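Here the structure is laid out as structure tokens; the discussion comes afterwards.
Derivation of every value follows stated rules applied to the coordinates shown; laboratory data play no part. These numbers come from a predicted model, not from an experiment. Please note: Cβ atoms are built from the backbone with ideal geometry, for glycine as well, and neighbour counts cover all protein chains shown.
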Amino acid sequence: MKRNCYLFREEHIPERSMFPAIDAHNHLWGNFNMEQIVRVMDTVGVACFCDVTANVKIAFRGGGYVVQPGDIKEFFDKSALRYPGKFYCFTMVTFAKDINEPLFDDPKKFVGQTIELLNKHVEMGARGLKILKELGLSHRDGAGRLINLDDLDLSEIWAEAGKLGVPVLIHQADPSGFFEPVTETNEHYESLKKYPSWSFTDTKFPRKEELLKRRDNLLRQHPGTTFILPHVANFAENLSYVSRLLDENANVYIDFSARMDELGRQPYTAREFFIKYQDRIIFGTDMPADTKDSIDMYRSYFRFLETYDESFYAPDYDGTFERARWPICGIGLPGDVLRKIYYKNIIKIVPGLKKELKNILPDEGTEGT
């Protein structure tokens, strides 16, 4: 529930981001409501948008979201080609499968098909590989065995991404409250009541600690592959842990999509963290850009990053402002740090993006790719 705030203070809500922003973690949801999305982007200063699940369709339904296979060609036809320079994509390749079906029966065949499709999609224009949280959490093989992220059977896939030079965006685990009993003492109680499929208290699910341990093991196994860990490596509640993770793995970047609330309640620690790791943090929202709240959603991110405003509310996980967990504060980052977070860090690791956006991004020129 969002409560009235009777704190009298000035508000400093940026209408546009201080620098052109690349929303490097979002979804078109298979709807391709492009005119509305572009209108929102142009209004708030988002120069470019990544659909990280371009070969699937995602919809909020049934107390969570459902994933259905799609055609990556549709992404190119309806967005990237229609609006040059405004959209790029990642692919889920063969991982876009219903959790009620086996992900594979024969791991060797699956890996071969995945690598073949990854190469095809990269040749078509995909800029990275996206893995949803269901891998390691829910996906099973034909014998009913849970498939773990660091299973050696899958190792060639991550190595292939490294050879192709494309980053791997891996969502593993979720906020700590999602793994705890759904009671009123749970700080995510209202979210879990609204989206009950996001509760992983059932013993059929691995614990958060195990999921993160396996993911971190994978990072160490593939130092030649660049990994983006979304949602502050899914442990925004523990920035000391995320700091150690970044210190120990030079191939790792993070985004802070859908975790502004977690960061904004610890603004002093978060500001120090963002400044220390300014070369490793990427802007993304993971929230719909075609709703009545989308403009305000983006502006709340800019307000968090650019101002010292106190006691304001972040959007909910679905990008609306219908509910709020707690008030947050801005972290007032310096301009040189903002520039890196809004666009410089992502163009550094996504192949071809710098060249494609050279006429949009300031001071980037034509050198490099």
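If you average the alpha carbon positions of segment 206-270 and of segment 132-174, how far apart do those two centres end up, in angstrom?
16 Å
What is the fewest-to-most order of LYS86, LYS73 by other Cβ atoms lying within 10 Å of their Cβ?
Numbers: LYS86 19, LYS73 12.
Result, fewest neighbours first: LYS73, LYS86.
For segment 21-356, what does the alpha-carbon gyration tensor say about shape, rounded, prolate or oblate, given a ≥ b ≥ c as the root eigenvalues, a/c under 1.5 as rounded, and a/b over b/c as prolate? All intermediate terms of the calculation are to be shown ahead of the outcome.
Details: a/c = 1.35, a/b = 1.16, b/c = 1.17.
Because its axes are fairly even, with a/c under 1.5, segment 21-356 counts as rounded.
Report ³J(HN,Hα) in whole Hz for each residue of segment 226-241, in order, from the Karplus equation J = 6.51 cos²θ - 1.76 cosθ + 1.60 where θ = phi - 60°; Gly and Pro get x.
Ordered by residue, 3J(HN,Hα) equals 8, 10, 10, 9, x, 6, 6, 6, 6, 8, 5, 6, 9, 5, 5, 5 Hz.
Sorting TRP326, TRP29 on the 10 Å Cβ count, fewest up front, what's the list? Write out the running numbers ahead of the final one.
On the way: TRP326 13, TRP29 18.
So the ranking, lowest neighbour count to highest, is TRP326, TRP29.
Quick one: compute the contact order of segment 117-198, relative version, from alpha carbon pairs under 8 angstrom and 6+ residues apart, as a percent.
Numbers: 64 pairs, mean separation 23.1, N = 82.
Over segment 117-198, the number comes to 28 percent.
If you take the square roots of the eigenvalues of the alpha-carbon gyration tensor of segment 1-145 and sort them as a ≥ b ≥ c, do you get rounded (a/c under 1.5), prolate (a/b over b/c) or oblate?
Values: a/c = 2.70, a/b = 1.54, b/c = 1.75.
It comes out oblate by the Cα gyration axes.
Placing unit charges on C-beta atoms (Lys and Arg positive, Asp and Glu negative, everything else neutral), compute the dipole magnitude of the chain about its Cα centre in debye, rounded to 20.
Working: 48 positive and 55 negative charges, 52 e Å.
Value, rounded to 20: 240 debye.
How many percent of DSSP beta bridges within segment 21-356 run antiparallel, rounded to 5?
Details: 7 of 26 bridges.
Once the DSSP bridges in segment 21-356 are tallied, antiparallel ones form about 25 percent.
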